[in-house]
Structure formats: C-alpha cells, structure tokens
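Bear in mind that the values in this text are calculations on the coordinates, not laboratory data. No experiment lies behind these values; they were computed from the predicted model shown. Reconstructed Cβ throughout: ideal geometry from the backbone, glycine too, with neighbour counts over all protein chains shown.
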Amino acid sequence: MTLPTWVPSLREVIIWLFIISMVSFAIGGVITVMDGGKYKGNVTTLTVPILIPGTSISHSQVSLILEQGVLNISAGSGDTLINGTIKSKNAIIGPVNTYSTNNQTGILKIRQESTEFFDPREIEDTWDLTLHPDIPVDLSIECNAGELNINPGSCNLTSLFITCGTGDVFINLSAWNGSHLPASISLGIGSISVLVPEDASIAADTKTGVGSRTIEGLTGSEGVYFYTGSNSESSVISLSITQGVGDLTLKRDIQ
C-alpha cells in the first residue's frame, strides 16, 4: 500500500516558520527573565558621536551595518558627509568606522556589533544620523532585527539597498527630487511602508508572502505597479521589494 505524499505549500511553510520563530523568541524571553540576566557582563551604555567630513569628494558610498536597534536617517546641513550619534547598551565596543577616498569618492562603513547574548529587556541600540544635503550618496543598510526610519528629504540619494531580517521599515521619499533612484528592500518578517513623490515616475516590482498589501496612487496587478510622471523630466524611482511575512504599504504622496 502506497501512502499519499503531502507537500506543504510555500504559504504553509512561511506560516510554520513564523510560528516557530515566535515560540522560540517567547521561550528565550522566559528563560532570560528566570535567569535574571546573570549571564550578562558589565556592559555600559555608549553614546558615540559620528562625524565624517564631506570635503574633497564628489560622490559617496555609505554602508551601515547593525545587529539590532532603531536607525533614524534624515537630511542634514553643513559640510559633513554624515553626522549624528550611535547609542548602544548591548555593544561590547563602540561602532567601528572605516573611511577612505578613491577618485573623489568617499567610502564609509559603520558597523556595530552586539554582545554574544541578546537580552530582550534591554534598551535598543539607537542610531540617529543625518546625510549631506548635496553630495550624491549610494546608501546600503543591513540589519538583523530592528526599526528603520529612512527620511532623506531632498538629499542627493543615488541608490538605496536595504536588507533586514526582522523588523519594520519606513521609507519617506516624498521630497526626493533626483534623476533616477534604484531602491531595493528585502525583509524577512515585518512591515514595509514606502511613500514616493507625487509626480515621479514609479516602477515597483513586489514579491510578498503572507500579509496585506496596500497600493495607493499606482496602477498594476500581480505585484507589479507603476505610475508615469507628467513630463519627460520627472524623477524616476525603480523599486524592488521582497518580503516574507508582513504588511506592505506603497503610496504616492498626493497632496
């Protein structure tokens, strides 16, 4: 007698992985509370100023890598490529910065490691950073778990690449007025919200698993959405979004 073969669908696999991850996190939290945090060493809160000059460069590549926490990015002023602070209570050492220049391109990487053990009761790391208003910047962000709030205003953002395991991603591009912006967002579990300019030409390719999808001001179907600006000089934003579990919101900033 041959038994029937059952192969779970992708949706069922994602749901089970989500349930397993939530149960594992809950068990870890209970163990942490019962343990009373005895495993933790004496780790003090660090508030590290970030100040990278923006002189003598005509372009920049900025990579931000954090284990977990909140990242806030906004438009800055003055002559600094990037400015702000990183506050961490989980880190053994402060953020590691590497900065170099090559053919008038500034290359910056900021990496913040966490302690070996993550205590869910701890205050999250907080990154508050501003970008130079005029220097073109290719921005790359990697985060294992956290909240990303990206609001570059009218900064000269020339590319945006985000990879996040678990968390929420909020991107406000409503004031962006560059020529062409390729943007890629990859998120495992959590919500994604993207606001784009009213009159920019938008091409969005979205691949989502479990969760709702809210699209406003664009046309299309089956994960592909677009809008054509009113003239040939309209800004162009090319979006690629990949999401496992969570809600997706994509809107034009219609006044």
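Listed from fewest to most Cβ neighbours within 10 Å, the set D253, D134 follows the order D134, D253.
Return the percentage of antiparallel bridges among DSSP beta bridges fully within segment 46-252, rounded to the nearest 5 %. It would help to have the intermediate numbers written out before the result.
On the way: 28 of 106 bridges.
Counting only bridges with both partners in segment 46-252, antiparallel ones make up about 25 percent.
Binned at 5 Å from 0, what are the whole-percent values of the Cα-Cα distance distribution for segment 46-252, short to long? Histogram of Cα-Cα distances, whole percents per bin: 2, 7, 16, 19, 18, 16, 12, 7, 3, 1, 0. Scanning residues 5 or more positions from I57 or on other chains, none has an amide H under 5 Å from its amide H, with H placed 1.01 Å from N in the peptide plane.
Under 8 Å for C-alpha pairs, at least 6 residues apart: give me the relative contact order for segment 46-252, rounded to a whole percent. Working shown, then result.
Working: 591 pairs, mean separation 39.2, N = 207.
Answer for segment 46-252 is 19 percent.
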